[in-house]
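The values are calculated or read from the model by the stated rules, or taken from the named source; none is laboratory data. Remember, predicted model here, so these are calculated numbers, not experimental data. Please note: Cβ atoms are built from the backbone with ideal geometry, for glycine as well, and neighbour counts cover all protein chains shown. For accessibility, only protein heavy atoms count, side chains too; no ligands or nucleic acids. Shrake-Rupley method; radii C 1.70, N 1.55, O 1.52, S 1.80 Å.
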Amino acid sequence: MMTDAIRALIGREVTYTAPEPLGRAAIRYFALAVGDHNPVYTDDAAARAAGHDGVVAPPTLICETNQYAGLPADADGYAGHTWGIELPGTRQVRGGNAYEFHRAVRPDDVVTATWRLQDIAERTTGAGQPMLVFTSRATYTNQDGDLLATNEETIIYLGVTP
């Protein structure tokens with residue numbers, strides 16, 4: 001499954017910068033959507049009492065939103081970052097994510113996400129199926145270059161038997 005063309009993708013990098021600050025509405029809507037009613041996401045006084053300068057975003061908001069990308073929706077309706085890799089004879093499976101949060105995200109933050117394809121490894125499942133494991137790392141910063149979060153993501157392409 002590993003070809004020279006696939007191997008050459010390692011190190012590929014793409015950067016997206018949001019066209020505007022994250023905003024209080026995005027923070028409020030995300031907190032509602034995930035059912036997190038912590039008042040630090042909607043109330044300045046509660047956020048200050050918790051040690052923040054004002055309202056902050058739920059930690060995973062910047063990792064789960066595509067607000068920064070400004071990309072058109074693909075055939076499945078997804079409007080976020082993908083590597084656009086098509087591997088005939090495979091099925092794509094999300095392998096997981098590992099998040100690390102460095103600083104609370106505020107409504108006035110303009111998020112930049114830099115995605116880097118870190119590694120591609122060829123492996124075999126316990127059932128003997130070939131697979132390629134793609135490991136990417138997204139680094140999220142704000143307009144001042146402050147590190148907000150990182151997200152290591154694994155996408156697996158499983159060989160399918162015809």
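Remarks
- Listed by first and then second residue, the pairs linking a residue in the stretch 73-86 that is under 18 Å from A18 (Cβ atoms) to a residue that is of a type in the set (F, W, Y) and surrounded by 11 or more Cβ atoms within 10 Å (Cβ to Cβ), with Cβ atoms under 8 Å apart and 6 or more places separating them unless they lie on different chains, are H81/Y16; H81/W115.
- Candidate set from the stretch 142-162 (those that are within 26 Å of A113 (Cβ to Cβ) and of a type in the set (A, V, I, L, M, F, W, C)); member that is surrounded by the fewest Cβ atoms within 10 Å (Cβ to Cβ): L147
- Within the stretch 71-97, if we keep just the residues that are among the acidic types (D, E) and open to solvent by 70 Å² or more (accessible area, probe 1.4 Å), the residue that is nearest to Q129 (Cα to Cα) turns out to be E86.
- Within the stretch 50-70, considering residues that are among the aliphatic types (A, V, I, L, M) and touching a residue at least 12 places away in the same chain (Cβ under 8 Å), the one surrounded by the most Cβ atoms within 10 Å (Cβ to Cβ): I62
- Considering the stretch 103-141, and only residues there that are under 22 Å from A31 (Cα atoms) and over 15 Å from the mean Cα position of the chain (by Cα), the residue that is least open to solvent (accessible area, probe 1.4 Å) turns out to be D109.
- Residue among A113, A47, A31 that is over 22 Å from I155 (Cα atoms), touching a residue at least 12 places away in the same chain (Cβ under 8 Å), outside any loop (DSSP other than H, G, I, E, B) and among the small types (G, A, S): A31
- Members of the stretch 18-28 that are touching a residue at least 12 places away in the same chain (Cβ under 8 Å) and open to solvent by less than 50 Å² (accessible area, probe 1.4 Å): A18, L22, G23, A26, I27
- Hits in the stretch 63-92 - residues which are within 18 Å of E13 (Cβ to Cβ) and of a type in the set (A, V, I, L, M): A69, L71, I85
- Close pairs (7 angstrom Cβ cut-off, 6 or more residues apart or separate chains): under 25 Å from I155 (Cβ atoms) and of a type in the set (V, I, T) in the stretch 96-107, open to solvent by less than 70 Å² (accessible area, probe 1.4 Å) and assigned to a strand (DSSP E or B) anywhere: V105/L148
- Of all residues in the stretch 134-162, those satisfying the criterion of being in a strand (DSSP E or B) and of a type in the set (S, T, Y) are T135, S136, T139, Y140, T141, T150, T154, Y157.
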